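Comments concern the structure below.
The values are calculated or read from the model by the stated rules, or taken from the named source; none is laboratory data. Note that this is a predicted model, so its numbers are computed, not measured. Here Cβ is always computed from backbone atoms with ideal geometry, including for glycine, and neighbour counts include all displayed protein chains. Only protein heavy atoms, including side chains, enter the accessible area calculation; ligands, DNA and RNA are left aside. Shrake-Rupley method; radii C 1.70, N 1.55, O 1.52, S 1.80 Å.
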Amino acid sequence: MARYVFRRTIQALPIFFGISVIVFMVIHLAPGSPVDRFRVPRVSPAQIQRLIELYGLDKPILQQYVSWVTTFVQVWRPEAWGYSFLDGQPVLEKVVTRAPATLRLMGTALAVTVLLAIPVGVLAAVKQYSWTDKIITTFATVGYAIPSFLLGIYILFFGGVVLPQWTGGRFGFPLFGMESFGKQGDVLDLAWHLVLPVTSLAIQQISGWARFMRSSMLEVLHQDYVRTAKAKGLPRGRVLGKHALRNALIPVVTLLGLSIPGLLGGAAITETIFSYPGLGSMFVESVGSRDYPVVLALTMLGGFTVVFGNLLADILYGVVDPRIKY
Amino acid sequence: MTAGAGTRRGRAGVRTARGVPPASGDGANLLELRGLRTHFFTRDGTVKAVDGVTFEIGNGETIGVVGESGCGKSITAMSIMRLIERPGQIVAGNVVMHGRDLLKLSDEQMRDVRGNQISMIFQEPMTSLNPVYTCGDQIAEAVQLHEGVSRRQAWSRAVEMLQQVGIPDAKRRAGEFPHQMSGGMRQRVMIAMALSTNPELLIADEPTTALDVTIQAQILELMKALRERNKMAIMLITHDLGVVAEMADQVVVMYAGKVVERSDVTTVFERPHHPYTEGLLRSIPRLGERRARLEVIRGVVPNPLNLPTGCLFKRRCPYRMPICDTAPPFQEVRPGQYSRCWLTPEHEPPTVGLSPAPEVAEEEAERLTVAPR
Ligand SMILES: Nc1ncnc2c1ncn2[C@@H]1O[C@H](COP(=O)(O)OP(=O)(O)OP(=O)(O)O)[C@@H](O)[C@H]1O
Ligand code: SF4
Ligand SMILES: [Mg+2]
């Protein structure tokens, strides 16, 4: 297993190289420049030219790339990922400070997803064609189809505006942020702030997972070994819960790894809507202001999660399916 | 390959001595199917997969069920086990075992029959075992469920069963997953699982069809040996008459969801009555016989959604007569031999005349019919 992980990591290196080249080129080819925000009458063209030289933007792009990549990999140095063009802070430090908030958001959303989607999907499959199934399938389809930014805004509006109005201000969720001022570190307060963002992030995930779980379970229910289990005289609960579920979970388990990048992408939108101070909102801001070092760092991180999500999926596959050995 | 197996004669002798008259219900029968009908309600129409099947299985008797693909053999077996699922439904009939109609049992009572009194081996050895549990686990599960023994006892029973079905190094093999075994081994595991609870009836649905010839012979030998030891009855489904000759005491020939002929195995091979049975027998290649081509029954199995009226076999039957447009009776053509055909026991056209009015034909069919339909 360790050897497998090692081999896969080595195999991932060219992928990372490819990602870095593409990301770097795309960002530099995209219209706009980090110095654009200084192009106001008060700043003279000479000053702007000095900024361009300071950032190294006048150098040939290949040279820029090489110097970026060679420092980027030296993660043990605090300045490895450069300094934000916006506030001059070391990017690595900014990422490390903001990461826990995003991890908390994604982790909670993922946990909620798994706990809800699996039973719901199984229920829909076991009661195929029933009203229960139709209702679940309809909700899942709608939840999957609705754009997440729209859903986020609805949820924000309902939980943060409509609900307090209805209850005369007694009940409602915070409109923005991760914690209330003066309550830093209060776990309950953190959780309270998570409710709406997690809901909007999880709904799409739950919909996708539930649909997947349903079809996986349906497929397994028609397998010969399920019939064998019934023919043995096992009670229905054991047939479904032991023989069918365990097999139906195999493909779903890989979703665990594969959905991490999706969650990260969703987090960017959700965090922006809820002004949640995580990596996602930071990413959106940095793209808007062409803060190259931050954009590059976060995009590379995104690439990492895709590659390691895939690896995690494959490893989990080997854990749950005895037919697969590494 | 065909007639003349010593074991068969011997067993046939035993059976005759016991004298199991069909449909008599004198207590010698382990299981009786009466007018079983299982239909599939599909979008294109109703498929009458099993349409009025009646036969019985005597204690310790091996009954061979033969017929072409799609004639309803598996569905009959699954109906006995009540494993039919949507869009299928058992719409009529009884399955009587020890005086109880299995079709009327509660789900819980039926679970106690499944795997305990009746075990089933399925047609597909490669996919019938659960890939994520070890073979030992899957056998032990059945033992634990029905015998109420501890997990450890159930496991050692599983190992013992694997030994019995001839799996070498059973102790280690019990801990292996199905994908680590060959098709023949998996079928042995299935047999071990089915027999681990000492059932009174084993339903074996083409247990050897998916296996190659040498393995096939081994599995059949194994089933014979275990049959003697456990004194169980076997319902052996196959489309291989060679297997029937080797294993069965009684034969049921099915065609398009109905039983068209049944009798003891010697009679079927020596004096088949139904033209379909004759056709089946002719299609067996005989050793040393050189024929231009294998004789097969011409024509194809009728589309289950578009069955002919009258005799279902008439489009393929070489003896076809006008009267065959009326459904033929299931008549006793000789003691112990039943056939669903208008031909007289002497293979002559019936006395009512070749083309009687439909009412006359129906009346005649009524008169000749024996078993409840
Ligand atoms: N789920 C289903 N939906 C519709 N029709 C079905 C279904 N299952 C079986 N049938 C029909 O039932 C009939 C009998 O099928 P069955 O499996 O009993 O055949 P069989 O005699 O076992 O054939 P084989 O030798 O190929 O195993 C077939 O005509 C088939 O089309
Ligand atoms: S009833 Fe007629 S058509 Fe049918 S098998 Fe007999 S002879 Fe042939
Ligand atoms: Mg079959």
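How many of the residues making up segment A:247-268 are within 10 Å of another protein chain (Cβ to nearest Cβ) and either in contact with a Lys or Arg (Cβ under 7 Å, 6 or more places away or on another chain) or in contact (Cβ under 8 Å) with a residue 40 or more places away in the chain (or both)?
Final tally of qualifying residues: 2.
Which one of B:R320, B:R334, B:R298 is at pLDDT 85 or above and either within 13 Å of ligand 2 (Cβ to nearest atom) or in contact with a Lys or Arg (Cβ under 7 Å, 6 or more places away or on another chain) (or both)?
Answer to the selection: B:R320.
Within segment A:299-326, count every residue that is in contact with a Phe, Trp or Tyr (Cβ under 8 Å, 6 or more places away or on another chain), in contact (Cβ under 8 Å) with a residue 24 or more places away in the chain and within 14 Å of another protein chain (Cβ to nearest Cβ).
Of the residues in that region, 1 qualify.
Tell me which of these B:R111 doesn't satisfy, since it passes every other one: (1) facing chain A (nearest Cβ under 8 Å); (2) outside any helix (DSSP H, G or I).
(2)
Only one of (1) touching a strand residue (DSSP E or B) at 6+ places or on another chain (Cβ under 7 Å); (2) open to solvent by less than 10 Å² (accessible area, probe 1.4 Å); (3) within 14 Å of another protein chain (Cβ to nearest Cβ) is not met by B:P87, so which one is it?
(2)
Filter segment B:337-346 for residues that are open to solvent by less than 10 Å² (accessible area, probe 1.4 Å) and within 11 Å of ligand 2 (Cβ to nearest atom); which is nearest to B:G35 (Cα to Cα)?
Initially, segment B:337-346 is screened for residues open to solvent by less than 10 Å² (accessible area, probe 1.4 Å), giving B:337, B:339, B:342-343.
From what's left, within 11 Å of ligand 2 (Cβ to nearest atom): B:339, B:342-343.
Numbers: B:S339: 16, B:W342: 20, B:L343: 23 Å.
Step by step, filter segment B:337-346, then rank; the result is B:S339.
Give the residue, chosen from A:V96, A:V66, A:V75, that is among the aliphatic types (A, V, I, L, M) and in contact with a helix residue (DSSP H, G or I) (Cβ under 9 Å, 6 or more places away or on another chain).
Sole residue among the options that is among the aliphatic types (A, V, I, L, M) and in contact with a helix residue (DSSP H, G or I) (Cβ under 9 Å, 6 or more places away or on another chain): A:V75.
Looking only at segment A:230-246, which residues are more than 12 Å from every other protein chain (Cβ to nearest Cβ) and of a type in the set (A, V, I, L, M)?
A:L240
Scan segment A:210-229 for residues that are more than 14 Å from every other protein chain (Cβ to nearest Cβ) and open to solvent by 10 Å² or more (accessible area, probe 1.4 Å) and report the count.
Going through segment A:210-229, the residues more than 14 Å from every other protein chain (Cβ to nearest Cβ) turn out to be A:210-215, A:217.
Okay, now just the ones that are also open to solvent by 10 Å² or more (accessible area, probe 1.4 Å), so A:211-212, A:214-215.
Of the residues in segment A:210-229, 4 are more than 14 Å from every other protein chain (Cβ to nearest Cβ) and open to solvent by 10 Å² or more (accessible area, probe 1.4 Å).
Does any residue of segment B:104-118 turn out to be aliphatic (A, V, I, L, M) and within 16 Å of ligand 3 (Cβ to nearest atom)?
In the first step, residues of segment B:104-118 are kept if they are aliphatic (A, V, I, L, M); the result is B:105, B:110, B:113, B:118.
Adding the requirement that they be within 16 Å of ligand 3 (Cβ to nearest atom) leaves none.
Taking every residue of segment B:104-118 in turn, none turns out to be aliphatic (A, V, I, L, M) and within 16 Å of ligand 3 (Cβ to nearest atom).
Give the residue, chosen from A:K242, A:K232, that is open to solvent by 20 Å² or more (accessible area, probe 1.4 Å) and of a type in the set (K, R). Steps first, answer last, please.
On the way: A:K232 fails: open to solvent by 20 Å² or more (accessible area, probe 1.4 Å).
After ruling out the rest, the residue left standing is A:K242.
Does at least one position in segment A:172-195 carry a residue that is over 22 Å from the mean Cα position of the chain (by Cα), in contact (Cβ under 8 Å) with a residue 12 or more places away in the chain, in the same structural domain as A:G237 (by TED's automatic domain parsing) and surrounded by fewer than 15 Cβ atoms within 10 Å (Cβ to Cβ)?
yes
Here are the criteria: (1) open to solvent by less than 80 Å² (accessible area, probe 1.4 Å); (2) without any contact (Cβ under 8 Å) to a residue 12 or more places away in the chain. Tell me which single one A:L13 does not satisfy.
Condition not satisfied by A:L13: (1).
Per-residue answers, yes or no, for (1) open to solvent by 40 Å² or more (accessible area, probe 1.4 Å); (2) over 16 Å from the mean Cα position of the chain (by Cα):
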| site | (1), (2) |
| --- | --- |
| A:A248 | no, yes |
| A:I269 | yes, no |
| A:S281 | no, no |
| A:V284 | yes, no |
| A:G288 | yes, yes |
| A:D291 | no, yes |
| A:L298 | no, no |
| A:G309 | no, no |
| A:I315 | no, yes |
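Give me the residue from segment A:16-33 that is part of a helix (DSSP H, G or I) and open to solvent by 30 Å² or more (accessible area, probe 1.4 Å) and, out of that set, farthest from A:V73 (Cα to Cα).
Looking at residues that are part of a helix (DSSP H, G or I) and open to solvent by 30 Å² or more (accessible area, probe 1.4 Å), I get A:L29.
Assess whether B:G136 counts as being within 14 Å of another protein chain (Cβ to nearest Cβ) and modelled with pLDDT of 90 or more. Step through it out loud before you land on a result.
Working: within 14 Å of another protein chain (Cβ to nearest Cβ): yes; modelled with pLDDT of 90 or more: yes.
Taking the combined requirement at face value, the residue satisfies it.
Output the residues belonging to segment A:127-139 that are in a helix (DSSP H, G or I) and either open to solvent by 40 Å² or more (accessible area, probe 1.4 Å) or within 17 Å of A:G262 (Cα to Cα) (or both). So that I can check it myself, show each step before the final result.
Our first condition is that a residue be in a helix (DSSP H, G or I); within segment A:127-139, this holds for A:131-139.
Correct list: A:W131, A:T132, A:K134, A:I135, A:T137, A:T138, A:F139.
Please find, within segment B:61-82, the residue that is nearest to ligand 3 (Cβ to nearest atom) out of those that are among the hydroxyl-bearing types (S, T, Y) and not in a helix (DSSP H, G or I). Give the steps one after another, and end with the answer.
Of segment B:61-82, the ones among the hydroxyl-bearing types (S, T, Y) are B:62, B:69, B:74, B:76, B:79.
From the residues that got through so far, the ones that are not in a helix (DSSP H, G or I) too are B:62, B:69.
Numbers: B:T62: 18, B:S69: 7 Å.
Looking at residues that are among the hydroxyl-bearing types (S, T, Y) and not in a helix (DSSP H, G or I), I get B:S69.
Sort out which residues of segment B:51-80 are within 14 Å of chain A (Cβ to nearest Cβ), crowded, with 22+ Cβ neighbours inside 10 Å and either more than 13 Å from ligand 1 (Cβ to nearest atom) or more than 19 Å from B:L312 (Cα to Cα) (or both), and write them in order of number.
The answer is B:A77, B:M78, B:S79, B:I80.
Do we have B:Q123 as of a type in the set (S, T, N, Q), crowded, with 16+ Cβ neighbours inside 10 Å, within 11 Å of another protein chain (Cβ to nearest Cβ) and within 16 Å of ligand 1 (Cβ to nearest atom) here?
In short, yes.
Looking for something β-branched (V, I, T) and within 23 Å of A:M282 (Cβ to Cβ) - is there at least one such residue anywhere in segment A:27-35? Break it down stepwise before answering.
Restricting attention to segment A:27-35, the residues satisfying the condition of being β-branched (V, I, T) are A:27, A:35.
Restricting the remaining residues to those that are within 23 Å of A:M282 (Cβ to Cβ) gives A:27, A:35.
So far as segment A:27-35 goes, yes, one or more of its residues are β-branched (V, I, T) and within 23 Å of A:M282 (Cβ to Cβ).
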